[in-house]
Amino acid sequence: MARAHAVRFQRFYIDGVRRLASNGVASLARTRVSPNALTAAGVLLCAAASVVVYFEYRSELAAFWAGAALFIVGSILDILDGALARRSDRATPFGSFVDSTTDRVSEALMLGAIALVLMRDGNELALGFAFAALAGSFLVSYTRARAEVLGLRGDVGIGSRAERVVVISAGLILAPWLSLQWAIYILTATAWVTVVQRILGVRRQLAER
């Protein structure tokens with residue numbers, strides 16, 4: 001029962017994100033903004049967000065909230081660039097490759113900044129989980145890519161990039177009151193559960209063949 005509710009909530013969330021992205025892309029398609037410009041802006045904003053978060057020791061509330069805002073906007077642009085390319089008939093294999101690569105860079109930069117904050121706080125356990133979260137998030141994308149190479153569906157699981165962005169953003173926003181380590185623990189769990197779900201999904205699809 002709990003799993004069914006979780007699946008329904010995830011589907012509601014994903015459909016909502018897709019509707020917002022569709023509305024945003026419809027507006028952008030009427031402008032001269034290119035998908036590559038969105039990609040570049042997205043990764044630059046996420047890089048700026050990671051730098052801001054690193055300096056949280058100077059002003060915790062301002063750094064975490066500003067970093068979260070920049071990260072959210074940058075991540076939204078990373079979502080919109082591919083949709084804009086498809087909507088405006090400017091999608092190319094190289095553009096798709098660059099898009100997926102910059103997505104990993106954006107997430108890695110923020111997790112690296114969080115890891116440095118945890119290291120400065122002397123929280124070795126959470127620091128270790130930050131590395132596990134980074135590895136897990138990369139494997140989530142890798143398992144999907146490998147599944148699609150085999151002609152299979154690889155986007156199953158509870159922790160796609162959109163969900164990870166929400167967890168990281170929520171962790172940053174609540175960091176002044178709740179320890180940032182809890183967001184890392186949740187992120188690690190969801191990433192690795194998703195990896196297992198995708199492995200099992202590929203195994204099931206191959207068996208059905």
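Go through the stretch 58-68 and report how many residues are of a type in the set (Gly, Ala, Ser) and either surrounded by fewer than 16 Cβ atoms within 10 Å (Cβ to Cβ) or over 16 Å from Glu107 (Cα atoms) (or both). So the count comes out to 4. A search for C-beta distances below 8 Å between a residue of the stretch 153-165 that is in contact (Cβ under 8 Å) with a residue 40 or more places away in the chain and any residue that is among the aromatic types (Phe, Trp, Tyr), counting only pairs 6+ apart in sequence or on different chains, returns Ala162/Tyr13; Glu163/Tyr13; Val165/Phe71. Using the structure shown, decide if Leu44 is modelled with pLDDT of 70 or more, part of a helix (DSSP H, G or I) and out of contact with any Lys or Arg (no Cβ under 7 Å at 6 or more places or on another chain). Judged against the criteria, Leu44 is a match. Are any of the residues in the stretch 149-161 over 16 Å from the mean Cα position of the chain (by Cα) and in a helix (DSSP H, G or I)? Taking every residue of the stretch 149-161 in turn, at least one turns out to be over 16 Å from the mean Cα position of the chain (by Cα) and in a helix (DSSP H, G or I).
Being loosely packed, with under 15 Cβ neighbours inside 10 Å and under 28 Å from Ala145 (Cβ atoms) holds for only one residue in Phe94, Phe129, Phe71, and it is Phe94. Residue count for the stretch 116-126 under the criterion of being on the phi < 0 side of the Ramachandran plot and either surrounded by fewer than 20 Cβ atoms within 10 Å (Cβ to Cβ) or hydroxyl-bearing (Ser, Thr, Tyr) (or both): the result is 7.
Scanning the stretch 89-130 for residues that are in contact (Cβ under 8 Å) with a residue 40 or more places away in the chain and either basic (Lys, Arg) or outside any helix (DSSP H, G or I) (or both) yields Arg90, Ala91, Arg120, Asn123.
Could you check the stretch 53-84 and list, in sequence order, the residues that are touching a residue at least 24 places away in the same chain (Cβ under 8 Å) and either part of a loop (DSSP other than H, G, I, E, B) or touching an Asp or Glu at 6+ places or on another chain (Cβ under 8 Å) (or both)? Phe64, Gly67, Asp78, Asp81, Gly82, listed by residue number.
The values are calculated or read from the model by the stated rules, or taken from the named source; none is laboratory data. Predicted model only: the values in this text are computed from it and were never measured. Every residue, glycine as well, gets a Cβ built from its backbone with ideal geometry; the counts of neighbours run over all protein chains shown.
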